[in-house]
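Engineer: One structure, pasted below without further comment.
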Amino acid sequence: MGRGRRFDHLALGRHGEDLVERWYVDQGHQVVARNWRCPSGELDLVVRRGSTVVFCEVKTRSSTRYGSPFEAVDRRRQGRLRAAATEFLRAHERGVTACASTWPQSSGSRST
């Protein structure tokens, strides 16, 4: 994979995260963290509305050539995300009564 291709891949991922963040904010959520890292993994987006915290693993694809974004979140990745979410809650959140995990997906080009 060439250097330009890697940059395009990262830019596409950031664009997908921006779209998902905007959607959650429009729905009344507050962004708590973005690209939060710990030994268990990374949380792309953490949002909160009231006492509910939502952990988002955002997958963006420019095509379905290598599968849908949803297919990329397999059981192993889900386990890592649960572990990272647990670490996040231990470190940062108090008063949480509900948690949710979502796998938002975005497909298409970056043009908006």
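Taken together, the values in this text are just the output of simple stated rules run on the coordinates, not laboratory data. None of these values were measured; they are calculated from a predicted model.
Engineer: Roughly speaking, what is the stretch gain from ARG49 to ARG94, that is 0.36 nm per residue apart minus the C-alpha to C-alpha distance, in nm to one decimal?
Structural biologist: Separation in residues times 0.36 nm, less the Cα-Cα distance, equals 14.9 nm.
Engineer: Separate question: Using 0.36 nm times the number of residues separating LEU19 and ARG80, minus their current alpha carbon distance, what extension gain do you get?
Structural biologist: Here the segment from LEU19 to ARG80 would lengthen by 19.6 nm.
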